[in-house]
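The structure appears below as structure tokens.
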Amino acid sequence: MTVTYDPSHPAYSDEQDLRQELERVYDLCHGCRLCVGLCPSFPTMFNFIDAHDGDVAAMTPAEQDQVVDECYQCKLCYVKCPYVPPHEWQLDFPRLMLRAAAARPKTLKDRITTQALSRTDLTGRLGSMTAPIANAALGRPGSFLRKTMDRAVGVAADRLLPPYARVRFTTWFKRRGGGALGRPEQARAAVFPTCLVEYQNPAVGQDLVKVYERNGVSCSVAPGAGCCGAPWLHSGDHHSFRKQAARNVEALAEVVRSGRDIVVPQPTCGYVLKRDYPEYLGTPDAQLVGSHTYDAAEYLWRLHKGEGTTLDTEFQGTVPETVAYHVPCHLQAQNIGLRSRDLIKLTGAKVTLVQKCSGIDGMWGLRSENYELSRKVARPLKEGIEKSGAEVVAGDCHLANGAIRQETGVAPVHPLQLLARAYGIPEEGGG
């Protein structure tokens, strides 16, 4: 039995060794049960073990694998679990699940689905170039084309997919040129737009830049950086993930050395840059990038509470009376506090927290085989938003916001968009 989460370790893909490690960790989890409410993996695991009268060793490989399949990498184990490294028990449940996913033989359908979901820059470029056609074709859940796509590449036919924008964020940024700062320069930031902002929701990036400039933060775009690689990692393809991570780190390290911090408006991508790049690459440059990466709201809050820096708190635009704020899992896992909520409260709005998972978590909820379970996971989120009765729903995660829209019919806004409207910054036309 080997406690390793390093893909280059010779025992990493050894099935017998992996099975023994799964048994060890499942036994520890069964004895603790603090994580029972986090995701489907834990109730499934506990039910299997209880059915074997508490004998973890009696679990079948298929039962072990079902626990793996139901882990969607929300990372909340790191918040809840008392045994994560450097504890002597070295219990890292999310990375053990990634090890198990990587070691499992892949069917042709698995490989096709992973390719379809992971090549986000390729599909994003194509989607933006053909936005009206692509959105008409993909924007009708349950259509014949979507059902064909489901069978061919494993993307759930009934899942509401985010539409593509005709003008990409970086295209808008280059055309616009540098904006005037609303106050003397307080910081310099490079936006890592993520594929979701770059190709599908550039309005988030546009409002981020304008809010930052209003507060004396000069902005650039991280050149040469692409998708963070999370879809590769979460699908168990460590080789492709590390190639993508190395390319990004090479570009982003130069940005940091030039005197800029990296800001990320998408929680999953921010988590990957902060935690996964240093973990899986282990290079000084990966550590440098991770230590200078900030969530977009986290960075503004640092200005607000920093020595010699301030945040503009004069809000003369549109401020809703009540806001339901969804807390994304990958933002909770960063352990930075609820900075988006704090920024919204500065506007004078009353904020209700909805701290329930959307069941998307990267690309897990987009896969056909996970669709029904994903919607079951999202049910408490739906109920929490509806119970709040809030005028506006806000959330940092574009994929989670898509799930909210599917479950409730309400289109959430990013907290920085809400902040932009509160300042009176008008929304960009088009896109």
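The values are calculated or read from the model by the stated rules, or taken from the named source; none is laboratory data. Please read all numbers here as calculations on a predicted model, not as lab measurements. Ideal geometry is used to build each Cβ from the backbone, glycine not excepted, and the neighbour counts take in all protein chains shown. SASA here: full protein model, heavy atoms, side chains in, ligands and nucleic acids out. Shrake-Rupley method; radii C 1.70, N 1.55, O 1.52, S 1.80 Å.
Some values worked out for this structure:
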item	result
Segment 34-91, residues that are farther than 28 Å from Leu381 by Cβ, part of a helix (DSSP H, G or I) and open to solvent by 50 Å² or more (accessible area, probe 1.4 Å)	Ala51, Ala57, Pro61, Ala62
Subset tally (residues that are touching a Phe, Trp or Tyr at 6+ places or on another chain (Cβ under 8 Å) and surrounded by fewer than 17 Cβ atoms within 10 Å (Cβ to Cβ)) for segment 94-111	0
Residue within segment 120-133 that is without any contact (Cβ under 8 Å) to a residue 24 or more places away in the chain, loosely packed, with under 14 Cβ neighbours inside 10 Å and either closer than 30 Å to Asp17 by Cα or over 21 Å from the mean Cα position of the chain (by Cα) (or both) present	yes
Residue under evaluation Leu273, criteria (1) in a helix (DSSP H, G or I); (2) out of contact with any Ser or Thr (no Cβ under 6 Å at 6 or more places or on another chain); (3) not aromatic (Phe, Trp, Tyr), criterion not met	(2)
Condition met for Asp158 (part of a loop (DSSP other than H, G, I, E, B), at pLDDT 95 or above, farther than 24 Å from Asp261 by Cβ and open to solvent by 10 Å² or more (accessible area, probe 1.4 Å))	yes
Test result for Lys387, over 28 Å from Gly236 (Cβ atoms), surrounded by fewer than 22 Cβ atoms within 10 Å (Cβ to Cβ) and in contact with a helix residue (DSSP H, G or I) (Cβ under 9 Å, 6 or more places away or on another chain)	no
Residue count for segment 246-255, restricted to those that are open to solvent by 10 Å² or more (accessible area, probe 1.4 Å) and touching a strand residue (DSSP E or B) at 6+ places or on another chain (Cβ under 7 Å)	1
Test for Gly365: is it of a type outside the set (Asp, Glu), touching a strand residue (DSSP E or B) at 6+ places or on another chain (Cβ under 8 Å) and touching a residue at least 24 places away in the same chain (Cβ under 8 Å)	no
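Matching residues to (1) within 30 Å of Ala152 (Cα to Cα); (2) of a type in the set (Gly, Ala, Ser):
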position: Asp55; (1), (2): no, no
position: Gln73; (1), (2): yes, no
position: Ala100; (1), (2): yes, yes
position: Thr114; (1), (2): yes, no
position: Leu122; (1), (2): yes, no
